[in-house]
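One structure is given here, and the rest of the page talks about it.
The values are calculated or read from the model by the stated rules, or taken from the named source; none is laboratory data. Keep in mind it's a predicted model, so treat the numbers as computed, not measured. Glycine also receives a Cβ, built like all others from the backbone with ideal geometry; neighbour counts cover every protein chain displayed.
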């Protein structure tokens, strides 16, 4: 499936659109079937724009959305931007070829992880909806960078309102099970319960080997899952709430 023509690409006039071409892109080696959201982890949008358009950085994204809701187009959707890095989902590893990447202007965890700006979120939702209208991307393949690169990346972070996107028709979501006291699985645990947890996470798409042993790889993936789907407590422990949310999310596929 190909993107629509430029004249029809941006039908919404609600947000300011600017095109600042990045030289950092190449030919796709697969069809687009993923949308990946990032935060920039930088103090401001001008700095992020400079990095995303600098040929020496060897990084880019298709879009950047600044805190005021201005949408910058950096790489044509038909081209392979360089945003996913070393990553994996459902056993696929060249995710740059399969995905469209949106960078969101935000200082990240090192900058205090503040809430995302309301106008910015409105623009992100509008842009995501436009992208989904052009490409065959399933709801469960609208992901964060931390989903496809657990332990290595944290963005867009636990402050990102995935539930709001879902209620706008974007992404896959279930209401998280409430936090509750009870047993949990964590580092050092092993056996059938750990194996079942790993199978659910790997089956959903997370890059995780099913070993029956809860090690640091499993903890990192559980943290990534919590960051996206159960963000009230991101500690990498598979507690009752995490397990219930994961099971319900899988049933809702």
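Points worth noting:
- With respect to (1) surrounded by fewer than 18 Cβ atoms within 10 Å (Cβ to Cβ); (2) touching a residue at least 12 places away in the same chain (Cβ under 8 Å), the lone exception for residue 81 is condition (1).
- Output for region 212-244, where each listed residue is under 22 Å from residue 139 (Cα atoms) and more than 18 Å from the chain's Cα centre (by Cα): 242, 243, 244
- Residue match in region 117-133 (condition: under 17 Å from residue 227 (Cα atoms), touching a residue at least 40 places away in the same chain (Cβ under 8 Å) and surrounded by fewer than 17 Cβ atoms within 10 Å (Cβ to Cβ)): no
- When restricted to residues that are in contact with a strand residue (DSSP E or B) (Cβ under 6 Å, 6 or more places away or on another chain) and either under 20 Å from residue 122 (Cα atoms) or not assigned by TED's automatic domain parsing to the domain that holds residue 105 (or both), region 15-47 contains 10.
- Out of 194, 234, 210, sole residue that is modelled with pLDDT of 95 or more and either assigned by TED's automatic domain parsing to the domain that holds residue 129 or not in a loop (DSSP other than H, G, I, E, B) (or both): 194
- Checked against the criterion of being touching a helix residue (DSSP H, G or I) at 6+ places or on another chain (Cβ under 6 Å) and over 13 Å from residue 148 (Cα atoms), the candidates 66, 44 yield just one match: 66.
- Residue check for residue 154: farther than 24 Å from residue 16 by Cα, touching a strand residue (DSSP E or B) at 6+ places or on another chain (Cβ under 8 Å) and either surrounded by fewer than 21 Cβ atoms within 10 Å (Cβ to Cβ) or outside the structural domain of residue 231 (by TED's automatic domain parsing) (or both): no
- Close contacts from region 138-153, counting a first residue that is under 16 Å from residue 109 (Cα atoms) and a second that is surrounded by fewer than 20 Cβ atoms within 10 Å (Cβ to Cβ) and modelled with pLDDT of 95 or more, with Cβ to Cβ under 6 Å and a gap of 6+ residues or different chains, come to 150/220; 151/220.
- Test: residue 182 is farther than 27 Å from residue 135 by Cα and either touching a helix residue (DSSP H, G or I) at 6+ places or on another chain (Cβ under 6 Å) or without any contact (Cβ under 8 Å) to a residue 12 or more places away in the chain (or both): yes
- Residues that are part of a loop (DSSP other than H, G, I, E, B) and without any contact (Cβ under 8 Å) to a residue 40 or more places away in the chain, drawn from region 11-46: 13, 23
- The residue that is nearest to residue 198 (Cα to Cα), among those in region 214-231 that are part of a loop (DSSP other than H, G, I, E, B) and out of contact with any strand residue (DSSP E or B) (no Cβ under 8 Å at 6 or more places or on another chain), is 215.
- Residue in region 89-116 that is surrounded by the most Cβ atoms within 10 Å (Cβ to Cβ), counting only those that are closer than 15 Å to residue 155 by Cα and under 12 Å from the mean Cα position of the chain (by Cα): 103
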